[in-house]
1. Is segment 221-229 home to any residue that is within 23 Å of Lys77 (Cβ to Cβ), of a type in the set (Lys, Arg) and surrounded by 14 or more Cβ atoms within 10 Å (Cβ to Cβ)?
2. Name the helices (runs of 4 or more DSSP H) wholly within segment 74-137 that hold at least 2 residues that are in contact with an Asp or Glu (Cβ under 8 Å, 6 or more places away or on another chain) and in contact (Cβ under 8 Å) with a residue 24 or more places away in the chain?
3. What number of residues within segment 75-97 satisfy the criterion of being under 20 Å from Arg226 (Cα atoms) and crowded, with 24+ Cβ neighbours inside 10 Å?
4. Name the residues in segment 1-60 that are part of a loop (DSSP other than H, G, I, E, B), under 30 Å from Gly115 (Cα atoms) and modelled with pLDDT of 90 or more, would you?
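The values are calculated or read from the model by the stated rules, or taken from the named source; none is laboratory data. Just so we're clear, the structure is a prediction, and the values are computed from it rather than from any experiment. Don't worry about glycine lacking a Cβ; one is built from the backbone with ideal geometry, like all the others, and counts go over all protein chains shown.
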Amino acid sequence: MSHEKVVVDHNILIRELEEGLDAFAQDFPLANFQKGDYKQYPVITLLACSDSRVPGNMVGSLFNRVFSIENIGNQVKTGEGSILYGLLHLGTPIMIVSGHSDCGAIKAASSDFSGEPDALKKELETVKESLAEGVKTFTGSLSDEDKVKYTQLAELNVDVQIDYLLGNPEVKELVGKKELFILGAMLDLHDVYGGGYAKTYLSNINGEKNLDTIKGFSELGSLAARANRLT
């Protein structure tokens, strides 16, 4: 699980941080914020991997639009309370569970992580359990090529997270009434799917994995055309 540390110039890093903070303040949409009485009105609950290559703004503007939860391996169980807050209290009509290619958590959970700190082992064990569940129901075969295999596993992991969400009666009721759509997404950082780098595909909608059925979700308009799977 070792990862080469990045060598940084701390003066440049601090300057970039200050510039980022100033840019946020300068571009802050105060007028719109005031119209909403300074409250939050997100329309998307996003569960994504905490990998730094998977930014929340992959789904567009974040401020007062996306209720974001991130953890290693995009696990519902690790952030369940926060997710349910977004769905049941804030009432976002869209829930996105986003996996990605070359996921370090998927790789780590598939290897020996016994020497890691207890807190990290706990989270990786959750990922490992999800992968085992996904593989158990998978009728195909995993690729011999690592980058494809780990992307397949990340895809199956997304399926497991959506199934877990649908196991919550309140969430399932919202989906049944079409007040909530749960989208499984795969961010392809490495062109594993063959459509280009950084493309995002829909791999699951409300537990449905059949590509033709996903493309038929008229409520999602042209977004449904992004349906694609490796598994």
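1. No.
2. Of the helices (runs of 4 or more DSSP H) lying wholly inside segment 74-137, those with at least 2 residues that are in contact with an Asp or Glu (Cβ under 8 Å, 6 or more places away or on another chain) and in contact (Cβ under 8 Å) with a residue 24 or more places away in the chain span 104-109, 118-136.
3. Residues flagged as under 20 Å from Arg226 (Cα atoms) and crowded, with 24+ Cβ neighbours inside 10 Å within segment 75-97 amount to 2.
4. Ser50, Asp51, Ser52, Arg53, Val54
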